[in-house]
Amino acid sequence: MSTRSFVSSCDIRSAFSAAMSAMYRTEVPAYGTLMNIVARVNAATLAADPALKQRLEETDSLERVSEERHGAIRLGTAAELAMMRRVFAVMGMYPVGYYDLSEAGVPVHSTAFRPVGDEALKRNPFRVFTSLLRLDLIAEEKLRAEAEAILRKRQIFTAGAIELTEKAERQGGLDDDDAKRFVADVLETFRWHHHANVDLAMYKRLHDAHRLVADVVSFKGPHINHLTPRTLDIDEVQRLMPEYGIAPKAVVEGPPSRRCAILLRQTSFKALEEAVSFKDASGSWQEGTHTARFGEIESRGIALTPKGRALYDKLLTGSRKVVRPAADGSNAAAYEKALADAFVPFPDSWAEIRQQGLGYFRYSLTEKGESAIASADAGIDQLVADGLVCFDPIVYEDFLPVSAAGIFQSNLGDEAAQAFTASPNQQRFERDLGIPVLNEFDHYAGIEAQSIAECQARLTAAQAAE
């Protein structure tokens, strides 16, 4: 039997997340400024709310907030998606959820690669929102065929990344030296390239079809297009960005500001115009520009049940029937008011959210419960009412398609919001991926159920010992 020691997938993920953050800070200096703003706001929020800090410490969540990142990439082919799944698996990251962005005018469908176990999330909750281009949604048949041919020729993974992924699969992990090589090689896939894969004329044709199509097809690889820290007060970050010379997008995507945060709120600074070289017919390089990469910030709340999510979707749709946010921010105040008004029916206390079955909670014994016994027949509501068990919201670890599309469109420009027929195709996406995606609702329900079972088991064990 081999006694070889392998580096844990959590350690590989942490090393990769740190390397990605360092690379992106170098490539996009404004990201470093963003990190400084978030650190300032998080520190001030915790200082002003000792109860929040104490509860985060008690639930092992405080340390992860400052380390938390999510990135986003856009892939061009099924083969790239399948290989990316294998690469992320070495880091302990698995596909959760299916997102159809065509309904919001963006020709991609997506999943989020992330850790799924409670301990893995506490160690490092790095996520990568990964989109696959839907060339089938592009109307011009000739352009579609040319784009497919361009994408078939590229190899976005280094030979070392492929070799080490296969080695990890074959032997069940990587040793320290291989893990370091793996991180360095995989990082190359996400690096920005100043030289395009196509000439300027082709870039313009792709750009005219959709700016996101140009972003995917025109380059050697899926450069990371944003890296997102988590803040405890996204409205304050939004307010402070201009003071640091950063122009935020017009409105914060997602639900309105609330005492009890739900799901996910996101904002960003505008995408950068970056110099790119395009090779012409003579082999010479022509200078041009490309706009795609931006900085994003997120604030996470409770994961909602299907009932809660249905209410969220209904209220969000209702608000947008009153005011749809304009990319230029001209109606930002009106939209924010309409959003706040629309969400009045959604309860804003943890007790009401729990009682109405709108969100998922993690249950634990109170100090009283630690020294008490309870009947095996006692349900969780009774245990809460008796003060034996308390509950904390389970953090939403995933994404919102309307919000993701809103971030894309605000950074791609008004013309990016083109009309595509909504065409969700999860079956095709999973075939390209190579495995089914995990269902996020089942996942959160499982975490909640396990926490209830653990509380009941401890209380009934105490009863049996009497």
Could you list all residues from region 150-163 that are outside any helix (DSSP H, G or I) and of a type in the set (D, E, K, R)? Arg154
With the requirement that a residue be within 15 Å of Glu68 (Cβ to Cβ), in contact (Cβ under 8 Å) with a residue 60 or more places away in the chain and either exposed (fewer than 15 other Cβ atoms within 10 Å of the Cβ) or not hydroxyl-bearing (Ser, Thr, Tyr) (or both), what does region 1-36 give you? Cys10, Arg13, Phe16, Met20, Leu34, Met35
Hits in region 174-199 (condition: surrounded by fewer than 18 Cβ atoms within 10 Å (Cβ to Cβ) and modelled with pLDDT under 95): Arg191, His193, His194, His195, Asp199
Within region 143-173, restricting to residues that are within 30 Å of Asp208 (Cβ to Cβ) and among the β-branched types (Val, Ile, Thr), the one that is surrounded by the most Cβ atoms within 10 Å (Cβ to Cβ) is Ile156
Subset of region 242-257 (residues that are over 23 Å from Val344 (Cα atoms), among the hydrophobic types (A, V, I, L, M, F, W, C) and out of contact with any Leu (no Cβ under 8 Å at 6 or more places or on another chain)): Ala247
Enumeration of residues in region 203-247 that are open to solvent by 10 Å² or more (accessible area, probe 1.4 Å), touching a Gly at 6+ places or on another chain (Cβ under 9 Å) and in a loop (DSSP other than H, G, I, E, B): Ile246
Can you tell me how many residues in region 164-202 are outside any helix (DSSP H, G or I) and more than 23 Å from the chain's Cα centre (by Cα)? 11
Restricted to region 396-422, and to residues that are open to solvent by less than 30 Å² (accessible area, probe 1.4 Å) and in a loop (DSSP other than H, G, I, E, B), which residue is modelled with the lowest pLDDT? Gly413
Of the residues Glu274, Glu287, Glu296, which single one is among the charged types (D, E, K, R), touching a helix residue (DSSP H, G or I) at 6+ places or on another chain (Cβ under 8 Å) and in a strand (DSSP E or B)? Glu296
Is it the case that some residue within region 283-292 is surrounded by fewer than 19 Cβ atoms within 10 Å (Cβ to Cβ), closer than 18 Å to Leu400 by Cβ and free of Cβ contacts under 8 Å to residues at least 24 places away in the same chain? no
Can you tell me which residue in region 179-193 is nearest to Ile224 (Cα to Cα), limited to those that are among the charged types (D, E, K, R) and either touching an Asp or Glu at 6+ places or on another chain (Cβ under 7 Å) or free of Cβ contacts under 8 Å to residues at least 60 places away in the same chain (or both)? Glu188
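The values are calculated or read from the model by the stated rules, or taken from the named source; none is laboratory data. Note that the structure is predicted; figures quoted are calculated from it, not measured. In this analysis, Cβ positions are derived from the backbone assuming ideal geometry, glycine residues included, and neighbour counts consider all displayed protein chains. Accessible surface areas use protein heavy atoms only, side chains included; no ligands, DNA or RNA. Shrake-Rupley method; radii C 1.70, N 1.55, O 1.52, S 1.80 Å.
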